[in-house]
Amino acid sequence: MKKTNLKKTIMGVDIGGTKIACALVSGGRLATPVFTIQTPRGEKILNVAEKFYEKVAKKYLISGIGISTAGMVSDEGRIVGSTGNIPGWQGTKVKEILQKKYKLPVVVENDANAAAYAEYQIGSARGANPLLMITLGTGIGGGVVVNGKLVRGAHFAGGEIGHIKLSYTKQRLCTCGRYDCLEAYASGNGLYALIKHYFPDKYKKITTKDLFKLAKSKNKNNIFAVRVVEDWHFYIAEGICNLFQVFDPEKIILSGGLSEQVDLKYLKKQTAQLVLPALKKSVYIEKSVLGNNAGLLGAALLAGQSL
Ligand SMILES: [Zn+2]
């Protein structure tokens with residue numbers, strides 16, 4: 001069979017706590033449909049990538065592999081931390097294993113970092129310097145791109161913005177074991193804590209989707225739902241304000257499932273009230289246009305650059 005020789009066709013793989021997504025990427029665009037499967041445990045994750053590789057390698061010439069994964073990733077492409085939601089994944093030498101097997105350049109990057117890089121290259125904030133991306137989901141992640149390069153940090157924890165402190169009152173326990181991180185307030189879990197606070201009798205029956213619907217309705221309970229939504233926006237704005245003072249970002253991009261519920265106009269207004277007066281007019285916040293494929297595309301773009 002004649003193979004399609006797309007210039008720099010890269011296999012992109014996004015490994016999340018619940019699912020794995022694979023696709024071929026060429027020139028920053030998907031060259032095949034995205035194949036998704038439930039995440040297995042530990043190194044079996046790599047079997048999923050291998051199966052996809054074997055399938056597409058019959059038709060395409062693949063010149064590199066880009067892996068976007070939950071958890072912290074070392075410079076050697078090893079999973080070094082924060083993978084509680086993928087049992088057995090920590091410690092896996094992803095880059096070494098795949099490079100040996102396929103004799104191809106392999107790049108392994110934290111998923112939020114990879115997504116931030118995709119936003120910088122092909123997304124809502126092309127060329128922004130610095131670019132700050134915040135992922136709002138069950139947890140909170142993020143990525144920072146300065147002068148076109150990801151801020152990975154000295155200990156691979158650069159961009160782990162979910163764990164900046166929002167308070168010192170020890171009110172909310174965070175998934176990291178400490179108190180009062182941004183994630184404990186503004187993630188899906190934080191939102192749930194707010195619902196519990198304002199609806200102490202009914203919170204078990206209210207999903208986040210119900211809550212946002214209720215906040216927009218004329219139902220007599222909606223005053224409490226509106227307060228939840230306002231408080232939630234306030235926490236995100238506080239987090240952005242802290243990060244603003246560190247990075248002074250040209251553009252801020254919101255991604256992740258919960259970002260769909262953000263009222264951008266309201267969030268910008270709140271954030272502008274919190275930052276230094278001289279920065280009030282410099283708050284630029286937009287939502288991601290790449291959605292769920294950002295990590296996969298970003299990892300493929302990074303791998304493409306290493307060729
Ligand atoms: Zn934390």
Selection within segment 201-223 - surrounded by fewer than 18 Cβ atoms within 10 Å (Cβ to Cβ) and more than 26 Å from Thr175 (Cβ to Cβ): Asp201, Lys213, Lys216, Ser217, Lys218, Asn219, Lys220, Asn221, Asn222, Ile223
Residue ranges of helices (runs of 4 or more DSSP H) in segment 111-208 with at least 1 members under 23 Å from Val13 (Cβ atoms) and of a type in the set (Gly, Ala, Ser): 111-122
Sole exception among (1) free of Cβ contacts under 8 Å to residues at least 40 places away in the same chain; (2) out of contact with any Leu (no Cβ under 9 Å at 6 or more places or on another chain) for Val80, by number: (1)
Residue count, segment 165-182 (criterion: of a type in the set (Val, Ile, Thr) and buried (at least 18 other Cβ atoms within 10 Å of the Cβ)): 1
Residue in segment 263-275 that is assigned to a helix (DSSP H, G or I), within 23 Å of the chain's Cα centre (by Cα) and under 17 Å from Ala118 (Cβ atoms) present: no
Matching option when the condition is open to solvent by less than 40 Å² (accessible area, probe 1.4 Å), of a type in the set (Ser, Thr, Tyr) and either more than 16 Å from the ligand (Cβ to nearest atom) or modelled with pLDDT under 95 (or both), among Tyr185, Tyr198, Tyr117: Tyr117
Identity of the residue in segment 120-166, of a type in the set (D, E, K, R) and within 16 Å of the ligand (Cβ to nearest atom), that ends up modelled with the lowest pLDDT: Glu160
Tally, over segment 238-252, of residues that are in a strand (DSSP E or B) and open to solvent by 10 Å² or more (accessible area, probe 1.4 Å): 1
Residue check for Ala294: within 23 Å of Glu160 (Cα to Cα) and open to solvent by less than 10 Å² (accessible area, probe 1.4 Å): yes
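The values are calculated or read from the model by the stated rules, or taken from the named source; none is laboratory data. Since the structure is predicted, the reported quantities are computational estimates derived from the model, not experimental observations. Because the Cβ atoms are built from the backbone with ideal geometry, glycine has one as well, and the counts that use them run over all protein chains shown. Accessible surface areas use protein heavy atoms only, side chains included; no ligands, DNA or RNA. Shrake-Rupley method; radii C 1.70, N 1.55, O 1.52, S 1.80 Å.
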